[in-house]
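The values are calculated or read from the model by the stated rules, or taken from the named source; none is laboratory data. Model, not experiment: these values are computed from the prediction. Cβ coordinates were reconstructed from backbone atoms using ideal geometry, including for glycine residues, and neighbour counts include every protein chain displayed.
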Amino acid sequence: MDFELNNYSISLKLMQLYTTLEIEQQYKDLLCLIEIMEWVKKFLGRPHPNLGRPGVVCPFVPFALKSNSIRLAVIHTKNLYPEEIEEIVIRYRDIFLDMEVQQPELAINKAFLLIFPDIHIEDTSELIDGVQQKLKPLFVESGLMIGEFHKRNESPGLHNPNFRPLRSPIPLLAIRFMVELDLPFLQNPADPRLRIRYLEAYLKYFGNKFTDETKFKNAHQALALAKEQLKDQNLVY
């Protein structure tokens, strides 16, 4: 009986039927996936004359592509409130943390790209930047980074303030593991309370695993400075 049920399930999968609207939607989603995949390969994964340093725009991309560690998802958000989008992104954070990799040493290359084709360019400030800013503390304290990408992103490059490395053809949020090199992104918030939160999470996450002693010292110095600034401003942490 179980054998018959299994065969029936397999038959249903083989006989999957689609409506014309479902096909159109899947086709549109596929185009989004292909466009972002090409952007990852041809922009993030290659050098750029305005980058301000040698190497590719994102140092992790070549290794992630080689190890097939990037996962992409198309998320439709029509008529969703920011809070609902936040809930969706948090669920992907949980999936990211739960997903095992066949080769643990390659886990650092794992990345999720959450693509939001329904978000208009005029709404990226609220629905991409806003969601990223709201969730970043939660992600950092989970040992993760979450990055915001869209056509109007004005975040400057670390080595060239006139370069815009976070511009993508379609709005998206990227999830990956935190690395030691992320320190500059964690010590730049103007609010010292947020800086303290980030830096404490950074130091806790790496613990005694630092490979760059300079990063370890710089993080402690930045944390002490943030606490001193908080004290001078009479703010409560």
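For the reader, a short list of remarks on this structure follows.
- Among residues of segment 182-202, those that are aliphatic (A, V, I, L, M), assigned to a helix (DSSP H, G or I) and either farther than 18 Å from Ile146 by Cα or touching a Lys or Arg at 6+ places or on another chain (Cβ under 8 Å) (or both), counted: 3
- The one condition from (1) at pLDDT 95 or above; (2) farther than 28 Å from Leu80 by Cα; (3) assigned by TED's automatic domain parsing to the domain that holds Val74 that Ile128 does not meet is (2).
- Residue in segment 116-134 that is touching a strand residue (DSSP E or B) at 6+ places or on another chain (Cβ under 9 Å) and exposed (fewer than 15 other Cβ atoms within 10 Å of the Cβ) present: yes
- Under the condition of being free of Cβ contacts under 8 Å to residues at least 12 places away in the same chain and over 15 Å from Ile121 (Cβ atoms), the residues counted in segment 137-180 number 3.
- Test: residue in segment 50-68 that is over 22 Å from Glu180 (Cα atoms) and crowded, with 18+ Cβ neighbours inside 10 Å: no
- Test for Ile119: is it more than 11 Å from the chain's Cα centre (by Cα) and closer than 24 Å to Gln26 by Cβ: yes
- Flag if Gly157 is assigned to a strand (DSSP E or B) and not acidic (Asp, Glu): no
- Condition broken by Asn188, with the remaining ones in (1) assigned by TED's automatic domain parsing to the domain that holds Glu213; (2) modelled with pLDDT of 95 or more satisfied: (2)
- One residue from Arg152, Arg176, Arg167 being within 30 Å of Ile75 (Cβ to Cβ), of a type outside the set (Phe, Trp, Tyr), in contact with a strand residue (DSSP E or B) (Cβ under 8 Å, 6 or more places away or on another chain) and part of a loop (DSSP other than H, G, I, E, B): Arg167
- Residue within segment 58-76 that is free of Cβ contacts under 8 Å to residues at least 40 places away in the same chain and in contact with a strand residue (DSSP E or B) (Cβ under 7 Å, 6 or more places away or on another chain) present: yes
- Of the helices (runs of 4 or more DSSP H) that lie entirely inside segment 1-86, those containing 2 or more residues that are modelled with pLDDT of 95 or more and within 26 Å of Ser125 (Cβ to Cβ) span 20-39.
- Any hit, segment 96-109, residues being under 27 Å from Asn160 (Cα atoms) and either assigned to a helix (DSSP H, G or I) or modelled with pLDDT of 95 or more (or both): yes
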